[in-house]
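Undergrad: One structure, as C-alpha cells, below. Some questions next.
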Amino acid sequence: MEKKTAVLFVCLGNICRSPLAEGLFLQALEERGLAHLFEVDSCGTSGQHDGELPDRRTRQNALFHGVALTHSSRRIRPRDLAHFDRILVMDDSNLQNVRALCTTPEQYAKVEKIRSIDPDAPNADVDDPWFGGPDGFEGVYQVLERVTARWVEVLTAEQT
Ligand code: 4NP
C-alpha cells in the first residue's frame, strides 16, 4: 500500500479551530471511505492548553452539527515538521510561528494557510473565535467544513 498522507492542522491553543478542522477533515474522509489513506492530527503553537479537550463552545457547536470532538490539546513539536506531509494553519500569526520552527526548505514548503485553496476568500485567516460570541464559533464551523472538504479533494488527487 502507498504511504499515507499525514496532515497536521495547527492553530494557537489547539482547543478551538484546529481540533475542529481535524474532526471535519476526518469526517469528510470517512464519508468518502478514504480515512485509511490519511493520518490526521492537530496541535497548537502555544502549549497553553496542553491535555485539555476542545473548548466547550467549540464542542457544543460541533455537536449541534453532529460532530463529536475528543482531541487532547498538545503543542507542536519539532518532529512534527519532519513527520507530516502537509501542515495547514489557520492565520498569519500561526504561519509565522510555525515557519519560525522550520529548519529546512522542505519543512518550510509543507506549511500553508488552510484557506489557500478557498475560492471565496483565498488565503484569508480563519479568525480566532476565543474572545467572541457564538456567531464566531458558527462562522469558524462554516468555513472549516467547506475548506476541509476541499482539502480532501486536493490531497486525494495528489495521491493518484
Ligand atoms: P484556538 O483558539 O487557537 O483556535 O485554539 C484560542 C484558544 C485559546 C486562546 C487563544 C486562542 N487563549 O488565549 O488561551
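The values are calculated or read from the model by the stated rules, or taken from the named source; none is laboratory data. All values reported here derive from a predicted model rather than from experimental measurement. With ideal geometry, Cβ positions are generated from the backbone for all residues, glycine too; neighbour counts draw on all protein chains shown. Heads up: the accessible areas ignore ligands, DNA and RNA and are worked out on the full protein's heavy atoms, side chains in. Shrake-Rupley method; radii C 1.70, N 1.55, O 1.52, S 1.80 Å.
Undergrad: Checking residue 127 against (1) buried (at least 20 other Cβ atoms within 10 Å of the Cβ); (2) under 15 Å from the mean Cα position of the chain (by Cα), which single condition isn't satisfied?
TA: (1)
Undergrad: Please specify each residue of the range 33-74 satisfying the condition of being within 16 Å of the chain's Cα centre (by Cα), part of a helix (DSSP H, G or I) and within 16 Å of the ligand (Cβ to nearest atom).
TA: Selection gives 58, 59, 62.
Undergrad: Looking at the range 17-30, which of its residues are open to solvent by less than 10 Å² (accessible area, probe 1.4 Å) and within 12 Å of the chain's Cα centre (by Cα)?
TA: Of everything in the range 17-30, those that are open to solvent by less than 10 Å² (accessible area, probe 1.4 Å) and within 12 Å of the chain's Cα centre (by Cα) turn out to be 17, 18, 19, 20, 21, 24, 25.
Undergrad: Right, something else. Among residues belonging to the range 80-101 that are acidic (Asp, Glu) and out of contact with any Cys (no Cβ under 8 Å at 6 or more places or on another chain), point out the one that is least open to solvent (accessible area, probe 1.4 Å).
TA: The residue in question is 85.
Undergrad: Looking at the structure I just gave you, is residue 107 among the polar types (S, T, N, Q) and more than 15 Å from the ligand (Cβ to nearest atom)?
TA: Values: among the polar types (S, T, N, Q): yes; more than 15 Å from the ligand (Cβ to nearest atom): yes.
It is true that residue 107 is among the polar types (S, T, N, Q) and more than 15 Å from the ligand (Cβ to nearest atom).
Undergrad: Return the residues of the range 53-74 that are crowded, with 16+ Cβ neighbours inside 10 Å and in contact (Cβ under 8 Å) with a residue 12 or more places away in the chain; say none if nothing qualifies.
TA: Passing the criteria: 54, 55, 57, 58, 61, 62, 67, 69, 71, 73, 74.
Undergrad: I'd like to check something: does the range 132-145 contain any residue that is of a type in the set (Ser, Thr, Tyr) and open to solvent by 40 Å² or more (accessible area, probe 1.4 Å)?
TA: The answer is no; no qualifying residue exists.
Undergrad: Mind checking which residues of the range 1-14 are open to solvent by 10 Å² or more (accessible area, probe 1.4 Å) and either near the ligand (Cβ under 9 Å from one of its atoms) or modelled with pLDDT of 95 or more (or both)?
TA: Step one: filter the range 1-14 for residues open to solvent by 10 Å² or more (accessible area, probe 1.4 Å), giving 1-5, 12-13.
Passing the criteria: 4, 5, 12, 13.
Undergrad: Go through the range 102-123 and report how many residues are surrounded by 16 or more Cβ atoms within 10 Å (Cβ to Cβ) and assigned to a loop (DSSP other than H, G, I, E, B).
TA: So the count comes out to 2.
Undergrad: So for the range 46-67 (the condition being farther than 14 Å from residue 144 by Cβ, of a type in the set (A, V, I, L, M, F, W, C) and touching a helix residue (DSSP H, G or I) at 6+ places or on another chain (Cβ under 6 Å)), does at least one residue qualify?
TA: Scanning the range 46-67, I find no residue that is farther than 14 Å from residue 144 by Cβ, of a type in the set (A, V, I, L, M, F, W, C) and touching a helix residue (DSSP H, G or I) at 6+ places or on another chain (Cβ under 6 Å), so the answer is no.
Undergrad: Also: Hey, any hits in the range 12-31 for a residue that's assigned to a strand (DSSP E or B) and free of Cβ contacts under 8 Å to residues at least 60 places away in the same chain?
TA: no
Undergrad: Hey, does the range 124-136 have a residue that's away from the ligand (no atom under 12 Å from the Cβ) and not in a helix (DSSP H, G or I)?
TA: yes
Undergrad: Only one of these is surrounded by 15 or more Cβ atoms within 10 Å (Cβ to Cβ) and small (Gly, Ala, Ser): 33, 44. Name it.
TA: 44
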